[in-house]
Each structure stands twice: as structure tokens, then as C-alpha cells.
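S.K.: Next up is a structure, given as C-alpha cells.
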Amino acid sequence: MKIQLKLVKGGKEADLLAEGWVKKTTIGEPRLSEIAENYRHLGYEVQVVEHGVEASGDGCNTCFTAGAEMGQVYGDVYIRKGSGGRNSADDELF
């Protein structure tokens with residue numbers, strides 16, 4: 001089952017989507033860096049947009065605020081096809 005992410009109509013997210021980026025997840029460290037690196041390794045361009053803790057008026061930010069108080073960093077991971085990385089045709093497993 002595929003879950004659709006809610007898309008914002010304007011701002012930074014709208015700009016990224018217009019440039020061909022696809023939002024894949026919102027997650028905290030250390031997984032944020034691991035996921036970004038894995039997508040890069042697979043040949044994607046990766047853009048990470050860090051979440052601020054300011055009240056944005058577009059939903060509940062309780063998790064981000066509580067995490068920030070403990071030093072947690074959250075971000076949105078966007079990807080688009082890139083020119084680098086591994087090619088599955090060159091991978092001995094495929």
C-alpha cells in the first residue's frame with residue numbers, strides 16, 4: 001500500500017517540486033543522513049530541507065519542537081534522477 005504525502009501549495013516545497021524533486025520522507029538523525037547517503041549511492045541527486053521549530057501555522061509541530069529541545073534534527077528528503085552513483089546493470093547481484 002502506498003501512502004501519499006500531503007503536498008504544500010507554495011514555498012520551498014513548491015519550488016522543489018516544480019524543479020522535478022520528489023519528497024520521499026521526513027525523518028530525524030541519524031537516519032536522515034543514512035537515507036540521504038543511500039539515495040546518493042544509488043545515483044540520485046538529494047536535497048535535504050531541515051525542519052525549523054518555529055510555528056508555521058500549517059500543522060502541529062510538537063514532535064519537531066520536542067525533538068529540537070533534545071538536540072534532534074529533522075529534515076525532509078527530496079530526490080531526483082542524477083547522473084552519478086551505481087548502475088544496477090554493473091552490480092553482480094543483478
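S.K.: Any residue at all in region 65-72 that's of a type in the set (Asp, Glu), at pLDDT 60 or above and assigned to a loop (DSSP other than H, G, I, E, B)? Write out each step before concluding.
M.R.: Residues of region 65-72 of a type in the set (Asp, Glu): 69.
Okay, now just the ones that are also at pLDDT 60 or above, so 69.
Then drop every residue that is not assigned to a loop (DSSP other than H, G, I, E, B), which leaves none.
Looking through region 65-72, none of the residues is of a type in the set (Asp, Glu), at pLDDT 60 or above and assigned to a loop (DSSP other than H, G, I, E, B).
S.K.: Within region 13-51, track down each residue that is part of a strand (DSSP E or B) and loosely packed, with under 13 Cβ neighbours inside 10 Å. Break it down stepwise before answering.
M.R.: Of all residues in region 13-51, those part of a strand (DSSP E or B) come to 22-28, 44-50.
Passing the criteria: only GLU50.
The values are calculated or read from the model by the stated rules, or taken from the named source; none is laboratory data. These numbers were taken from a predicted model, which means no experiment stands behind them. All Cβ positions, even for glycine, are placed from backbone atoms using ideal geometry, and neighbour counts span all protein chains on display.
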